[in-house]
Structure formats: structure tokens, C-alpha cells
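Read the structure below first, then the notes.
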């Protein structure tokens, strides 16, 4: 595929009774992010994106989308069938979140320049159907989007208690909200810096070149989301996690963390996710997705996590 | 060094003030011809302030409990390397000519707080903007490093286990040690995994404790004892905080630079050093330190350890006191405790764990996962 795809489909890889069900670290925002970011990757950023949201994607506040896209966002309602075609670059995003009893979780996004800014689809189902009619070269299928045979059945959906976690007060290594926001370009979009003086590419973006020490000749360097080789790995067992991750460890028993090589002078420490895809070993390649990490100061925080970069199914 | 004192390390009933008093009183009691507390010019207090206890102005409290209120007092905080850096601050203050007698005291009271708060605090000294949000405390950071080290050098986990076996054997002879029970290799390898490939016996414990040193100018030392221990050289350095931003995660640049600087300042070769006190917060850390300090090539520390060379009766004894692994690791006290062991060993007063005829020793104290390091070289000055 040359250039970014025109549409993206995503189904969580986790299966309960054969149905795709979001993992503990997935929510409406991460599902939307997973399909949206694939459509804007590599495009020259517009001054702002026109954003049409459907289903659970509607519940995500504007600033989250703006942080994700790195630009201003103008929201339009999908339900208004009188919407005029827009001259602005448009993204149509739909997220369906099922209850635990029925249905599937999934997300779909379409770039408006394909649909010509036409009337947005009123339902996620219709958008999903329309994308099926696009040429295969125009659509990227993510997660368990491809139906697969004999899909692993995940453990029962643990009863997350976000309210309890959100209520947690940090002591000690508090990462204040402002510092968290400062890290979003690196944590969410894998943006690092290239130094115009010595040429070194560093990660994450810290505002100073680790090679020559200069801070005034740095430009943003975007790393690919996928295909990074693992150079170190550990599995955190109960008790070795920072307290922010207590609820997660209570439910999952622990998690894996890997050090992934983004480039010759750039590495990222990433928590692993989607254990259904199997453990990650040294030398494996990993893909990344935006996921929930932990709650602090009353909000969920997000970062990219790693999973095996191999075809699902 | 004319005096040194040490409390028991472990889960202790004593509070921080009591621990400070005990360590300082022991240090004064150890001075052969006595030392008047009022002659202390400066107090250097090493502590992380674990759990939030008296983070601000803690040095004044330390001076007060030392019985030297009124002395110049400075709080040194470089995470787990606070003690090593406090010793350096004292040495430099004395070398400047403005200080004749300095008290260095290190303390951490880690078991006052709940389990949850303790884990918050165990992750405050790493990179809090990237590595911690990925779910790592130090066990996890060292777990990552260990996985890479073992694969890179084709070393088996038994090399890590041997570090634990050796240090537990030494700790069994140290009445101040947190753990005084030997362990065998099978127990280490079979222990619960904490941060794979590191298991429970690869990790140092969370300890309470304090240690204190009395340092004077070299000229004044013989006023207090016939057997002072001299500081021959100090070297300290820092390194990028996050391990992911370093050139090679299995090499600690701060240790390398600090070690080179200390050896240069002391004008000694590695072969002249009788034993080492290395910062083994995790078993992997002792192997890294042996390599970064130049006592063997990268990848050779595991095989070297397996030959028994680093045992107390080996060619190059490492951590005869049990190290952080068995003696315990009350953060601010650790670097001071290493010098306490040197004080005993070089004066032939280490009892059952005495190394045979040591003349010089090197201590190595690391902050976090290598972001800071302090190396000090000592020699026996006795008759």
C-alpha cells in the first residue's frame, strides 16, 4: 500500500464465546485511536481535522482527539443528515461497544476525502458495510479484524472498577497532569527528536540532544508504529509493579514490559498488551497500539503498548 | 576515617531518630582515643526521605540526634547512592581546609509505611516520565537489563544465582545483616519470579537501618587513633536517568567514569585492591559493576563469579559483609555502610567474616539503575 490507507477496521483480538471483546486496557477512545491514527499517519497535518463521530466515539471529548491527531479538531454530528459536504479534511469514526452479553466491540474510520465529504453514515454498522466495499488496497484491517478460525478464547472479562482506580491519589512518583500532557507526542505517537547539529535521533522527545547537548536544533522525528525489534524483556510479577498498576496486576497476575529498538540510537520501554497473542521474546518484532495505562488524578492515562507483530489468526 | 558505627539492618522496631542515635553513638564509641562531639564541624546526612518522613531540613535533625547541634549540616540525596556522595562531600569539605572533623550519617526507615506506599517510593528514583508509566520499578528495570545481559553474553541464570549464594553466605557471618541464612543455588533459581529473569533471591530486601562515619583531616587523624583508614581517592559521575536512552543498557557509564576517576586519584592499579564493596541491589548489578569497574571484561563477570574468585576466600573478595543482597539496603545508609565494612576489614576487626590481610578496598555505590555512582578507594593507615 502506498501512502496511508483510506479506511481502517479494528476488532479486538480478545474473544469471549467467539465474540470480539475489548481488553481491559481498551475503551472507546483507544478503539477510535487505533483506526484513526492509521489514516493520518504520513499525511501532511492539516490546520484542523473535521471529525464526524458515531456510536461510542461520540462520547470521547474533543481534546482527546486533538491530542491524538496533534492538530485542532472540529466535531460534526453524524446524525445530522443535512450535513453539507465539507471542504475540510474529514475523518468519519465509528466505535461500537457491546455489553458483555451480546454483540462485538469494533471500530471503523474512513478518510472523508474518499467519501467526498458526503453525508456521514448514521450508524457504525453502515460505515462498516461501506468500508467492506472499498478495494482491499484501500483498507487496513487491524487487531482481529480478519475473521479467524479457532480463535483463542480469552479469560472472562474481569470486572474493572475504574471508579476505584480513578479515585487513587498518587504519592511519591507523581507524574503531574501537565507533565503527562507534555509526554503525549512521544507516548501516543512515538515522536522523537532529530538533532540538526549532530544528526542524532533520540527518543523520547526531551528537548535536548543526548549526543551533542544542543537544544536549539531539534526537529520532530516520527518513528513507525510497527516492526520494532525487542532487545530486552521482563515479566513483572505481583509486588514488583508501581502502585498505579495494582488493580491491573490484581486482575491479570502481572504483565510483560519490553525494550524495543526504534532505531540505532532510539529505544522505547513499552508495556506489552493482548497476551492472547502470546509472549514476546528477545529478537521478536513488535507492533504498538494506544492503550489505557493507569488512572491518576481522576483521569485515565494512555500510552502505546507492544504486542507481537505477526499476522493474527 | 577514625570511627564508624552501624545498626542492625532489617525490619526494625526502632524509629529513625533512635536508629540515628544508635549509629552515631557507635561511631563515637569506636574512636580509640575518643572524640568530643562538640568538635564536629560538619554533618553530612544521607537519606532518600523514604515514605515522606522529614524530607525537608533532615540534616538539622541528624545533627541534633548526633549530639552536635549547631554544626554545619547538609542533606545529600542521590537515591541509593546518597551515602557514597555524602562521604565524598565530607572528604571534599575536609580537603578544602575549612572542615577538620566531619560526621557522615546515612539512614533509611523503610518499614514504617504501608506496603502500597512503599512501592510508590521504590519507584521514585528512576525515570518517572517514561519508564515508570510503562509499569517499571527498579526490579523491572534491572529485569530488562538482566534479560539482555544473559542473552548478549550467553550466560546462564546460575551466574546470577551464584552472586546471591555467595552474598548470603557472607551475610550469615554478619550479625548486622538483614538476612543471616545461607541459601543454595536451587533455592535461588526456584524462587518466585519478581521481574523475570530476576526472582525473589535476586533482589535486595527493603530494610531499616543507619550507619555513621567520623572523618578527620589526615593530619588530625592520629590524634584519635593509631589505626585510621585513609581515603586515597574518590570518583563520582552521573548518567542519563532513563536506561532506554543509554547507548548500551548493560553498561553503566556512571560507574565506569566514577571508577576511572577514583583509581586515577588514588594512583593505584586494580591489582592492588584487596577486596570490593559493590552495589548489588540485584544480583545482575554485581556482575555489571565488576565489568564497569574494569575488574573483568564485559560478559566475564558471570564466569568469574562461578569460579569462586569473588568469595570471601577468593582471589578478589566481593561484598564480604553480605552486600545489599543479604546485609540489606536501607537506601541512604547503604553507601555509608560499605565504608563501615572497609573500616572494620582494613583494621582487622571484621571477626568471622574477616578478609585475609587486606590493605586497600574499593566501595561502589549506585543511585537507581546507574544514574549516579560514587566510587571510593581506601587504604589501611595503621602501624
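Derivation of every value follows stated rules applied to the coordinates shown; laboratory data play no part. What you are looking at is a predicted structure, and each value in this text was computed from that prediction instead of being measured. Cβ sites come from the backbone with ideal geometry, for glycine too, and all protein chains shown count toward neighbours.
The translational diffusion coefficient of the range B:106-176, from Stokes-Einstein at 10 °C and 1.306 mPa s with a Kirkwood hydrodynamic radius over alpha carbon pairs, comes to 106 µm²/s. The distance between label points at residue A:198 and residue A:59 comes to 4.8 nm (points 7 Å beyond Cα on the Cα→Cβ vector). Of the residues B:56, B:143, B:308, the one that moves most in a GNM of chain B with alpha-carbon contacts below 10 Å is B:56.
Between 0 and 90 degrees, rounded to the nearest ten: what's the tilt of helix B:157-171 against the longest Cα principal axis of chain B? Once rounded, one gets 30 degrees.
Rounded to the nearest angstrom and listed largest first, the equivalent-ellipsoid semi-axes of the range A:221-313 from its Cα gyration tensor are 22, 16, 13. Inter-part distance, the range A:206-266 to the range A:27-58, computed on C-alpha centroids, equals 24 Å.
When only Cα pairs below 8 angstrom with a gap of at least 6 residues are kept, the range B:242-376 shows a relative contact order of 33 percent. For the range B:80-230, the percent of C-alpha pairs falling in each 10 Å distance bin, counted from 0 to the bin holding the largest distance, reads 9, 26, 30, 22, 12, 1. Taking the square roots of 5 times each eigenvalue of the Cα gyration tensor of the protein assembly as shown, largest first, gives ellipsoid semi-axes of 55, 24, 22 Å. When both bridge partners sit in the protein assembly as shown, DSSP labels roughly 70% of those beta bridges antiparallel. When the P(r) of the range B:6-55 is calculated, the portion above 17 Å amounts to 47% of the C-alpha pairs. Note on chain B: GNM, Cα springs under 10 Å; of B:48, B:287, B:74, the largest mean-square fluctuation is that of B:74. Between the range B:116-172 and the range B:209-247, the C-alpha centres lie 25 angstrom from each other. Inter-label distance, residue B:300 to residue A:178: 5.1 nm, where each label sits 7 Å from its Cα along the C-beta direction. Rg over Rh for chain B works out to 0.94, using Cα positions for both radii and the Kirkwood form for Rh.
From least to most packed, judged by other beta carbons within 10 angstrom and beginning with the fewest, A:274, B:321 follow the order A:274, B:321. When A:187, A:221 are arranged by Cβ crowding within 10 Å, least crowded first, meaning fewest neighbours, the order is A:221, A:187. Taking every DSSP beta bridge that has both ends in chain B, the antiparallel portion is near 70%.
When the Gaussian network model of chain B links Cα atoms closer than 10 Å, the mean-square fluctuations of B:133, B:69, B:358 top out at B:133. Centroid-to-centroid, using Cα positions, the range B:323-358 and the range B:30-44 are 21 Å apart. Exposure proxy shown here: for B:341, B:247, A:244, the number of other Cβ atoms within 10 Å sets the order, fewest to most, as B:247, A:244, B:341.
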